[in-house]
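Before any comments, here is the structure.
The values are calculated or read from the model by the stated rules, or taken from the named source; none is laboratory data. Please read all numbers here as calculations on a predicted model, not as lab measurements. Cβ atoms come from the backbone with ideal geometry, glycine included; neighbour counts cover every protein chain shown.
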Amino acid sequence: MVQAIRIQQPGGPEVMQWQEIDLPAPGPGQARVRHTAVGLNYIDTYHRSGLYPLPLPAGIGMEGAGIVEAVGPDVKDLVEGDRVAYAAGPPGSYSEARIIAADRLVKIPEGVSDQQAAAMMLKGMTTQYLIRRTYKVKAGDTILMHAAAGGVGLILCQWAAALGATVIGTVGDEKKAELAKAHGCHHTILYKKEDFVERVKEITGGKGVPVVYDGVGKDTFMKSLDCLSPLGLMVAFGQSSGNVPPLELGVLSAKGSLFVTRPTLMTYTAKREDLVATTSDLFDVVKSGKVRIDINQTYPLKEVVKAHQDLEARKTTGSTVFLP
């Protein structure tokens, strides 16, 4: 028996319950992982609220790190005692231990701690595909990142800056502006006080940017289109403010033959070889020191309600880790 967070119905943070559950032996292609650290991500709130419906009752949490306790038949690449991490479905990382598909696990290299791995797998792999595959950021680019002081934002600002790009980031207050600048963001825009479209045009000399990375959604999507240069790419990878309303495609032609994509990490890492390549790139850039993973909040796993409340109230910055 192990302790885990379970939800019986969708709703607010209070629907998450600390329960004792049975954990079977791993089956073919599976491994049992004892968590040493668990990551908190905004997608967890979507699962909890029902925005992304789950078959209920369900576990919750997409990211974790720990020690392999046992492997099932046909698992050849892992052995008991391996340090591993993952960012994969089905949800269930908010637990002391779990059973998970072995091909979704990657070994944590020397020089990366369990807490770092749990804090960066989902956000770091998201950053990797956003700036190395969805739009390949290169030296000389000027890019716009919304929520630059958030978990993905702080990693993306550092990584893009290391690639030679100029990063413009929107933030909610002066404290978050300072944090973003300390992580490679060259220009910060206080979106509550400034019109970010006007500021982007000012910074770029009226040209706009070739790509906007937007995990905010409803509140920023349409104005973000106005920040793009002709043939620019709008990357809508989340919706913390709500879903983007239906879009008349003629708007894209009128604003400069723009492109829009709604990518997900699960698609970009569906193949084992893509997962391994993505995590290898991420671990390398972290070990090089070009990207540091700041764990700005830790909570006991039992305090998930408080953590979700803080996340949705925008009280958190960078990465948050639960300690089982």
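Is segment 64-81 home to any residue that is under 18 Å from residue 43 (Cα atoms) and either over 12 Å from the mean Cα position of the chain (by Cα) or in the same structural domain as residue 278 (by TED's automatic domain parsing) (or both)?
So in segment 64-81, the residues under 18 Å from residue 43 (Cα atoms) come out as 64-65.
Filter once more, keeping what is either over 12 Å from the mean Cα position of the chain (by Cα) or in the same structural domain as residue 278 (by TED's automatic domain parsing) (or both): 64-65.
Yes: segment 64-81 contains one or more residues that are under 18 Å from residue 43 (Cα atoms) and either over 12 Å from the mean Cα position of the chain (by Cα) or in the same structural domain as residue 278 (by TED's automatic domain parsing) (or both).
If you go through segment 204-258 and pick out every residue that is over 30 Å from residue 308 (Cβ atoms), free of Cβ contacts under 8 Å to residues at least 12 places away in the same chain and not aliphatic (A, V, I, L, M), you end up with 5. Under the condition of being surrounded by fewer than 22 Cβ atoms within 10 Å (Cβ to Cβ), in contact with a helix residue (DSSP H, G or I) (Cβ under 8 Å, 6 or more places away or on another chain) and assigned to a loop (DSSP other than H, G, I, E, B), the residues counted in segment 213-237 number 2. You will find that of 298, 317, 278, the residue that is polar (S, T, N, Q) and at pLDDT below 95 is 317 and no other. The single residue among 48, 83, 34 that is closer than 18 Å to residue 8 by Cα, out of contact with any Cys (no Cβ under 9 Å at 6 or more places or on another chain) and charged (D, E, K, R) turns out to be 48.
Does residue 248 qualify as being assigned to a helix (DSSP H, G or I) and either over 29 Å from residue 282 (Cα atoms) or in the same structural domain as residue 315 (by TED's automatic domain parsing) (or both)? It is false that residue 248 is assigned to a helix (DSSP H, G or I) and either over 29 Å from residue 282 (Cα atoms) or in the same structural domain as residue 315 (by TED's automatic domain parsing) (or both). List pairs: first in segment 189-202 and buried (at least 16 other Cβ atoms within 10 Å of the Cβ), second among the small types (Gly, Ala, Ser) and part of a loop (DSSP other than H, G, I, E, B), Cβ under 9 Å, 6+ apart or cross-chain? Listed pairs, sorted by first residue: 189/148; 191/172; 200/208; 201/208. Apart from one condition, residue 277 fits all of (1) more than 19 Å from residue 85 (Cβ to Cβ); (2) in the same structural domain as residue 102 (by TED's automatic domain parsing); (3) without any contact (Cβ under 8 Å) to a residue 40 or more places away in the chain; the exception is (1).
Here segment 122-146 is the region considered, the condition is being of a type in the set (A, V, I, L, M) and either assigned to a loop (DSSP other than H, G, I, E, B) or modelled with pLDDT of 95 or more (or both), and the residue that is surrounded by the fewest Cβ atoms within 10 Å (Cβ to Cβ) is 139.
Yes/no per residue for (1) surrounded by fewer than 24 Cβ atoms within 10 Å (Cβ to Cβ); (2) out of contact with any His (no Cβ under 8 Å at 6 or more places or on another chain):
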{"residue": "59", "(1), (2)": "yes, yes"}
{"residue": "63", "(1), (2)": "no, yes"}
{"residue": "66", "(1), (2)": "no, no"}
{"residue": "76", "(1), (2)": "yes, yes"}
{"residue": "80", "(1), (2)": "yes, yes"}
{"residue": "84", "(1), (2)": "yes, yes"}
{"residue": "89", "(1), (2)": "yes, yes"}
{"residue": "94", "(1), (2)": "no, yes"}
{"residue": "97", "(1), (2)": "yes, no"}
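The set of residues in segment 5-35 that are part of a loop (DSSP other than H, G, I, E, B) and charged (D, E, K, R) contains only 22.
With respect to the conditions (1) in contact with a strand residue (DSSP E or B) (Cβ under 9 Å, 6 or more places away or on another chain); (2) assigned by TED's automatic domain parsing to the domain that holds residue 200; (3) not in a strand (DSSP E or B), residue 175 falls short on a single one, namely (1). Checked against (1) buried (at least 18 other Cβ atoms within 10 Å of the Cβ); (2) at pLDDT below 95, residue 173 passes all but a single condition, namely (1).
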